[in-house]
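Here's the structure we're looking at; comments come further down.
The values are calculated or read from the model by the stated rules, or taken from the named source; none is laboratory data. The structure presented is a predicted model; accordingly, all values stated were derived computationally and were not measured. Cβ: placed from backbone, ideal geometry, glycine included. Neighbour counts: every protein chain shown. Remember, those area values only see protein heavy atoms, side chains included, never the ligands or the DNA or RNA. Shrake-Rupley method; radii C 1.70, N 1.55, O 1.52, S 1.80 Å.
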Amino acid sequence: MAVGATRKKVLRKFKLRGYILQTDALEEILSFLTQFEDAEDEAINVLLDEINKESLNSSVLDRDSVHRVISLLHEAESAVEASPSSSNRSHFRIVDSFIIPKFCYDPIKKTFYERTGKLPIHGEASSKAALYRDRFELLLQRLSRDPHFAKPAFDSEFNSSDSCEISPIQSLIGQTGRRWIMGVISQLEDGHFYLEDMTAAVPVNLSNAKITTGFFVENTVIVAEGELLPSGTFQVNTCGFPPLEARDESFSLLVGLDFFGCGAVPTEEMLRLSELEKKAVNDMFVIFSDIWLDDAETMEKLAIVLNGYENEAVVPSLFVFMGNFCSRPCNLAFNAFSSLRSQFGKLGEIIGAHTRLMEQSQFLFIPGPEDAGPSTVLPRPALSKYLTEELQKHVPNAIFKSNPCRIKFYTQEIIFFRQDLLYKMRRSCLIPPSTEETSDPFEHLVATITHQSHLCPLPLTVQPIIWNYDHCLRLYPSPHTIVLGDRSEQKTFEYTGTTCFNTGSFSSDSTFAAYFPCMKKVELSAL
C-alpha cells in the first residue's frame, strides 16, 4: 500500500480511538508497519490495543511513548520465537466435526449466538425444520449486506424499478411486475417444485430461466428474479445463488466468535502466527483418497510413494489418508472385519518401515462413505478403535478423525471432505448447468458449495445428514482451502479466494495431491 494511504489510515484509526499523533510519533508507527506489509490493519489494531493499556497523561502521543510500546511488542515476539513451544506442531490443530460449536442467527438482534448444551445424535422433528431454517437464515443475513440487494435509500420511481431488493414470498400476493425473491427449492408435491422462505411457499417455473454457474438441486437456496403469473406460479426469468461475502468482511461481523472449532484467537496472536506462517515454506501435506487395503497393487503403489518421500531432503509434515479403505462396501453384508483389522496392521508396518517419516511426519486417517461405521449419514465418526488398534502399534502418532475434518495451520483454515460429491450433484441436478462461464463440472461444483456455504447441499434423501450436526458441514466464513476426495478426475480451482482441489482416486487412477499451505500451491501427482 502507498505510504500516503497508510499515513491516512493510521491517522484515522488513532483519531477514532481518541489519540492525536505528533509528526515524529507518526513516522515511528509508519516505520513499524513496514514489517507487516500484508497485515497493516492487524498491526495497527495490535499497536492501539497495547497503547490503551499504557498509563498516559495525555491523548497527544509523542515519539517516546510510541517507541516504548513498539519495543515491548518486539520483545514479546522475540521471546515467543525463542520458546520451544512455538514449533510447527503447536500451530497445527486437527478438529473433529463433532466438537465444532453450533452458532445460530438471531434475525431480531441480527447477531449470532452459540447454542449451549449437548446436541443429541437422534434429533426431534423440530431439528429437521431447524436444519433448513438455519441454512436459509445464514445465507439471508449474508445477502442482506450485499449492496446490490439493499433497499434503496429513497423510494423514487427510478430506484424502485432498478432495485434488486428481496421481497418476502408472502408479499407477492396481489403484486404485479418484476420481483426478486430468495428461497429454498422444495418439492412439496411429487413433480411440483416450490420456492419456500420463512413466510410462505410459491410454485415456480424454472424451465425458461437463465441461470448462473453451479448445480441447482433440490434443497439449495437461490435468488430468483421473475413475475407472479395470474395462475399463482412464479415465472423465473433469471436465478442464481446468494452472492458470496469476503472472508475478512464475515470475520469483522462475528465479534470474535469461532465457527471453525479451534477457539477464538486474539488479534495480536493472529499477527504473530501470520509472521510464523510465512517462514513455514517447507511444510507440505500429501493427501490420498481411496486406499484399498485389501488390494495388493494399491499397497505396492503406496509403498513406492512413501519410499520417494522418505528420501526427500525435507519430508512432508502431514500425510492424509482418506477412505474408502476397502474395495467393497463395509455394509451389513460385509463379514470380514477381522481381516480389515489385520490389513490396517499391514499398513502400519509399511508406514513404520520409513524411519524419517515416522519421526517427522503426522498421519491423519479420515473414513470414506463406504467404510465401516454406524451408518452412511454425515458427518461420519472416526474409524473404530477395533479396526485401528493394530495400525497404532506401529504408528503411535496416527490420528483418526471424522469426515469431514478440519485443520488449522497457523492462520489458515483447511477442510478435508471425502465424498463422491460430483457424481451425486450431477445426478440430482434439476436444470442442465449453464455453459456460459464454464463447462467444467468441477468448477460448477466448487461454485455451488461455496455460494451455499455448505459442503453437501444435496437433498437428505440423496445424502442423509445428522440434523443436529448439519452445522459441521458449513463453509462460513469461507475457508482458505477445501480438499475433496472424489472419485472423479483430479482438478484444482481457485474461486473467490478459496483454493479447492480434488485428489482423485489413488486405487483406481494412482493419483494423489501435495499441498503447500504456506504458498497455497497444489501439485496434482500420479504414479
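Quick one: with all protein chains in place, what share of the accessible area of the stretch 438-496 is carbon or sulfur, to the nearest percent (1.4 Å probe)?
Carbon and sulfur: 49 percent of the exposed surface of the stretch 438-496.
Report the antiparallel proportion of the DSSP beta bridges in the stretch 418-527 as a percent, rounded to a multiple of 5.
Bridges in the stretch 418-527 are about 70 percent antiparallel.
Nearest 5 percent is fine: what portion of the DSSP beta bridges confined to the chain is antiparallel?
Counting DSSP beta bridges with both partners in the chain, the antiparallel share is about 60 percent.
Out of residues 5 or more away from LEU475 or on other chains, whose amide H comes under 5 Å of its own, with H placed 1.01 Å from N in the peptide plane?
Sorted by chain and number, the residues that satisfy this are HIS454, LEU455.
Computed on alpha carbon atoms, what radius of gyration and Dmax characterise the stretch 265-420, expressed in Å?
Values for the stretch 265-420 (Cα only, Rg and Dmax): 16.7, 54 Å.
May I ask you to give the solvent-accessible area per residue for the stretch 228-376, in square angstrom, as obtained with a 1.4 angstrom probe?
Per-residue value: 42 Å².
Rounded to the nearest 0.05, what FRET efficiency is calculated for GLU225 and GLU297 with R0 set to 45 Å and r the Cβ-Cβ distance?
0.25
Restricting to DSSP H runs of at least four residues, report the calculated mean residue ellipticity at 222 nm for the chain, -39500 (n - 2.57) per run over all residues, nearest 500 deg cm²/dmol.
-10000 deg cm²/dmol
Suppose every K and R has +1 on its Cβ and every D and E has -1 on its Cβ; what is the size of the dipole of the chain about the Cα centre, in Debye to the nearest 20?
840
At 0.36 nm per residue, and after removing the present C-alpha to C-alpha distance, how many nm does the segment from GLN360 to LYS278 gain when stretched out fully?
Working it through step by step, the gained length comes to 27.5 nm.
Per residue, how much accessible area does the stretch 405-527 show when a 1.4 Å probe rolls over the protein heavy atoms, in square angstrom?
Accessible surface, normalised per residue, equals 32 Å².
So if each residue of separation counts as 0.36 nm, and I subtract the Cα-Cα distance between GLN175 and ARG328, what length gain in nm does that give?
Net length gain for the segment: 49.5 nm.
Using amide H atoms built in the peptide plane, which far-off residues or other-chain residues are under 5 Å from ASP294 H to H?
For ASP294, whose amide H was placed from the backbone, the distant partners under 5 Å are SER327.
Through the Karplus equation 6.51 cos²θ - 1.76 cosθ + 1.60, θ set to phi - 60°, convert the phi angles of the stretch 115-128 into ³J(HN,Hα) values in whole Hz; use x for Gly and Pro.
7, 9, x, 6, 8, x, 5, 9, x, 7, 4, 5, 5, 5
Among the aspartates and glutamates, select those whose C-alpha is under 13 Å from the C-alpha of LYS520, and discard any that sit fewer than 8 residues away in the same chain.
GLU277, ASP283, GLU413, GLU494
Pull up the cross-link candidates among the aspartates and glutamates for LYS385, meaning alpha carbon to alpha carbon under 18 Å and not fewer than 8 places away within one chain.
ASP96, GLU349, GLU370, ASP371
Hey, quick one: spin label on ASN307, modelled 7 Å out along Cα-Cβ, who in the stretch 332-358 has an amide N within reach, i.e. under 19 Å?
So the set is 346-358.
Take the alpha-carbon positions of the stretch 454-521, form their convex hull, and give its projected area averaged over all directions (one quarter of the hull surface) in nm².
Computing the convex hull of the Cα atoms and averaging its projections yields 5.9 nm².
Roughly how compact is the stretch 151-293, stated as its Cα Rg over 2.2 N^0.38 Å to two decimals?
That ratio works out to 1.53.
Probe 1.4 Å, all protein chains in place: accessible area of TYR194 in Å², nearest 10?
The accessible area comes out at roughly 30 Å².
Which of the trypsin sites (Lys or Arg not before Pro) found in the stretch 95-126 are in a DSSP loop and have at most 14 neighbouring Cβ atoms, other than their own, within 10 Å?
Listed in order of number, the matching sites are LYS109, LYS110, ARG115, LYS118.
Between the stretch 495-521 and the stretch 291-319, how many Å separate their Cα centres?
First find each Cα centre; the distance between them is then 16 Å.
Using a 1.4 Å probe on the protein heavy atoms, what percent of the accessible area of the stretch 158-307 belongs to carbon and sulfur?
Using a 1.4 Å probe with all protein chains present, the stretch 158-307 comes out at 52 percent carbon and sulfur.
Per 10 Å bin, what is the whole-percent P(r) computed from every C-alpha pair distance within the stretch 352-495?
10, 36, 34, 16, 4, 0
List the extent of the Cα atoms of the chain along each of their three principal axes, largest first, rounded to whole Å.
Sorted largest first, the three principal extents are 75, 73, 45 Å.
Amide H to amide H under 5 Å from LYS401: which residues, 5+ apart in sequence or cross-chain, H placed 1.01 Å off N in plane?
PHE365, LEU383
How long, wide and thick is the stretch 186-264, going by the Cα atoms along their three principal axes, in whole angstroms, largest first?
51, 24, 21
Explain nothing, just compute: Karplus ³J(HN,Hα) = 6.51 cos²θ - 1.76 cosθ + 1.60, θ = phi - 60°, for every residue of the stretch 514-527 in order, whole Hz, x for Gly and Pro.
3J(HN,Hα) across the stretch 514-527, in whole Hz: 10, 10, 9, x, 4, 9, 6, 10, 10, 10, 7, 10, 7, 7.
Would you kindly derive the ³J(HN,Hα) couplings of the stretch 43-60 from the backbone phi angles with the Karplus curve 6.51 cos²θ - 1.76 cosθ + 1.60 (θ = phi - 60°), listing them in order in whole Hz, with x for Gly and Pro?
Residue by residue, the stretch 43-60 yields 5, 5, 5, 4, 4, 5, 4, 5, 5, 4, 7, 6, 8, 9, 8, 8, 7, 8 Hz.
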